[in-house]
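> A single structure is presented below for examination.
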Amino acid sequence: SKPHGKGVTIRDKSHLRDRNAVSEHLAEEVKAAFKDKKQLELFIEETGRTHARYLADNLRIIKRNLNRYTEEIWKQSFPYCLDNSRHNANDLLRVCERYSRKMNAQEKRKACQTVQPECKAARQDLIPAASQISTYEQIMH
């Protein structure tokens, strides 16, 4: 028997577990939240290829933020990230945030445009009262 620590290989049981099973389970949970899974699957595949060690972490980040954005925002963000080699959940969230702000700004503009014609019609009906020059002359003297 060898003394402890000399020539004995010490293993942590967590090193023996199958890490792919965790990633696969998380990927299925994330995929279940989307109707159109094609772009998501490509993103997961590329993230796993480029950052295999961190795939589970990236999937956890996506899962935690699923309800933060609409599916439309996510659908726009996946292709952007794939086209620009952004295979990371944090980059994906930044892109989602950008598209979300852009979409909100467009909605505000549309809301203003629908109100504007009514305002213009209302303003044309108003005739401002004519000022009397004598009032100004009294003030200036």
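The values are calculated or read from the model by the stated rules, or taken from the named source; none is laboratory data. Computed from a predicted model, the values in this text were never measured in an experiment. Here Cβ is always computed from backbone atoms with ideal geometry, including for glycine, and neighbour counts include all displayed protein chains. Keep in mind that these areas ignore ligands, DNA and RNA; they rest on the heavy atoms of the full protein, side chains included. Shrake-Rupley method; radii C 1.70, N 1.55, O 1.52, S 1.80 Å.
> Any aspartates and glutamates with Cα under 17 Å of the K108 Cα? List them, leaving off those in the same chain fewer than 8 positions away.
By straight Cα distance, K108 reaches E97, E118.
> Could the peptides 29-36, 55-62 be put in order, highest first, of the mean number of other beta-carbon atoms found within 10 Å of their residues?
On the way: 29-36: 12.9, 55-62: 19.9.
Ranked from most to least packed, the peptides come out as 55-62, 29-36.
> Once you compute Rg and the Kirkwood Rh from C-alpha atoms, what is the Rg to Rh ratio for the stretch 1-107?
Rg/Rh for the stretch 1-107 comes to 1.20.
> Taking K and R as +1 and D and E as -1, what net charge do the other residues with C-beta under 15 Å from the C-beta of H51 add up to?
Net of charged neighbours comes to +1.
> Take Y136, Y69 and sort them by solvent-accessible surface of the protein heavy atoms, 1.4 Å probe, largest at the top.
On the way: Y136 125, Y69 20 Å².
Descending order: Y136, Y69.
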